[in-house]
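Step one of this worksheet: look at the structure below.
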Amino acid sequence: MKIGSLRPPRLRTADTETDRSASWLELFYDLVFVVAVARLGGRLLDDHSLAGFVPFLVFFVPLWWAWSGYTFYADRYDTDDLGQRSLAAAQIVAVALMAASISGETDSTFAFAVAYIAARSILVVMYMRARRHVAETRNLVSGYIVGHSIAIVVWLVSLFFDEPIRFAFWGLGLAIDFYTPFAVRKIQAKVPLDTSHLPERFGLFTILVLGESIAAVVAGLSHEGWETRPVIASLIGIVIATAMWWLYFDNLEGSVVRRKEGQRTAWKPTAWIYSHLPLAFGLTATGIGLEFLVTDAMEGEPRWIFVIGISIALAAMGLIHISTEAGPERHDSLKARVRLGSAVLFLILGAAATGLGPIEFGLVAAAIILGQLVLDLYLEPTNQVTAESHA
């Protein structure tokens with residue numbers, strides 16, 4: 001890339017006939033979030049009490065939103081020019097500082113807030129470039145700039161207060177940020193998202209957090225050694241992580257993200273997108289729970305980390321099914337009821353099956369997940385299987 005390779009942002013979603021894939025820049029951008037999520041997981045592993053679970057949630061939501069902010073921008077305006085690469089690199093630095101500020105032993109909510117403010121301010125600069133160069137989306141981008149700037153001001157105010165008041169301002173700022181796309185939803189219908197690129201990006205983040213589950217199992221086994229019990233527990237953990245991957249990606253349908261112009265009650269795209277926050281959160285917590293399973297520490301609070309995590313993840317998958325528009329042959333309504341019912345079943349299991357040991361508990365958990373997988377395979381459309389067999 002030459003020094004002079006500056007290109008103005010352009011609307012990428014206008015071409016609906018060509019499938020897009022994540023760029024190398026986006027894949028590199030994701031790496032800093034691998035580190036951030038791993039750091040958060042390590043915090044929860046060290047402090048799995050309620051006092052440790054709450055900060056895990058408080059830090060996870062801004063991290064996910066920082067990732068989503070750049071993802072939404074790139075979905076519409078990615079040019080991968082010198083200007084965007086420079087701004088993305090600056091955001092990577094900001095997110096790296098966010099991760100460094102939540103190490104557990106030397107936490108600094110002040111540094112975390114400053115880094116988050118920097119990341120969001122860079123996003124506003126990106127949108128200012130888009131507003132200048134892409135006339136057809138100027139109204140939409142103006143709404144984003146106003147909403148995100150107000151949220152940034154709220155985060156700036158939080159710097160003058162200590163916890164827990166600081167966290168209250170964070171919540172207010174995030175609420176404003178989350179509401180901003182909803183406030184301009186009618187304008188967004190004229191500038192739809194990409195039905196191939198955006199689902200792939202959310203899928204990649206899901207892969208990212210599922211990878212933490214595999215890493216947690218490996219870490220637990222490395223600590224315990226090659227004894228029979230940890231090896232069996234590791235196999236159970238990998239089966240659970242793989243089955244959760246299977247349940248999500250076999251049902252990934254991204255057409256719902258394209259809001260139809262003139263659609264009066266267009267809640268499904270928003271529900272589909274925002275359901276990926278509890279999904280990512282739940283899968284991350286599930287991974288920590290699997291490490292407790294391998295290390296034979298799944299009693300009391302560690303067990304509830306796993307139970308709550310997998311329940312939230314399954315409930316989020318249920319919401320994704322509810323919001324998906326992919327035709328009746330996919331049985332999304334039935335799958336949604338099964339996912340939500342399984343989430344409740346896990347909560348009951350966590351409260352009632354206190355007498356089960358870690359291995360027994362893991363086997364029951366794996367059976368619940370695998371049962372859903374078998375049901376999904378049974379519901380697979382016959383015509384799709386036939387078509388693939390003749391491909």
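Just a few scattered comments:
- From the list G69, G42, the one residue that fits, being among the small types (G, A, S), within 20 Å of F205 (Cα to Cα) and at pLDDT 90 or above, is G69.
- Pairs linking a residue in the range 176-189 that is on the phi < 0 side of the Ramachandran plot and part of a helix (DSSP H, G or I) to a residue that is among the small types (G, A, S) and crowded, with 19+ Cβ neighbours inside 10 Å, with Cβ atoms under 6 Å and 6 or more positions apart or on different chains, are I176/A151; D177/A151; T180/G147.
- Test for L319: is it within 30 Å of V217 (Cα to Cα), part of a helix (DSSP H, G or I), within 20 Å of the chain's Cα centre (by Cα) and at pLDDT 95 or above: no
- Considering residues of the range 92-129 that are without any contact (Cβ under 8 Å) to a residue 24 or more places away in the chain and outside any helix (DSSP H, G or I) only, the residue surrounded by the most Cβ atoms within 10 Å (Cβ to Cβ): S101
- Per the conditions (1) at pLDDT below 95; (2) under 19 Å from the mean Cα position of the chain (by Cα), the sole criterion not satisfied by I232 is (2).
- In summary, E136 fulfils each of the numbered conditions (1) over 23 Å from S21 (Cβ atoms); (2) touching a Lys or Arg at 6+ places or on another chain (Cβ under 7 Å); (3) modelled with pLDDT under 95 with the single exception of condition (2).
- Scan of the range 142-200 for residues that are polar (S, T, N, Q) and closer than 29 Å to H321 by Cα, ordered by number: T180, Q188, T195, S196
- Residue in the range 155-175 that is farther than 20 Å from Y70 by Cα and surrounded by 21 or more Cβ atoms within 10 Å (Cβ to Cβ) present: yes
- Only residues that are modelled with pLDDT under 90 and touching a His at 6+ places or on another chain (Cβ under 7 Å) were counted across the range 337-391, and they come to 1.
- Output for the range 31-71, where each listed residue is in a helix (DSSP H, G or I) and either in contact with a Pro (Cβ under 8 Å, 6 or more places away or on another chain) or among the acidic types (D, E) (or both): R43, D46
- In the range 269-290, the residues that are more than 13 Å from the chain's Cα centre (by Cα), at pLDDT below 90 and either over 17 Å from F72 (Cβ atoms) or surrounded by 24 or more Cβ atoms within 10 Å (Cβ to Cβ) (or both): P269
- Residue in the range 130-138 that is free of Cβ contacts under 8 Å to residues at least 60 places away in the same chain and of a type outside the set (A, V, I, L, M, F, W, C) present: yes
- Enumeration of residues in the range 190-245 that are of a type in the set (D, E, K, R) and touching a residue at least 24 places away in the same chain (Cβ under 8 Å): K190, D194, E200, R201, E212, E224, R229
The values are calculated or read from the model by the stated rules, or taken from the named source; none is laboratory data. What you see is a predicted model; the values in this text were computed from it and never measured. Neighbour counts run over all protein chains shown; Cβ positions are idealised from the backbone, glycine included.
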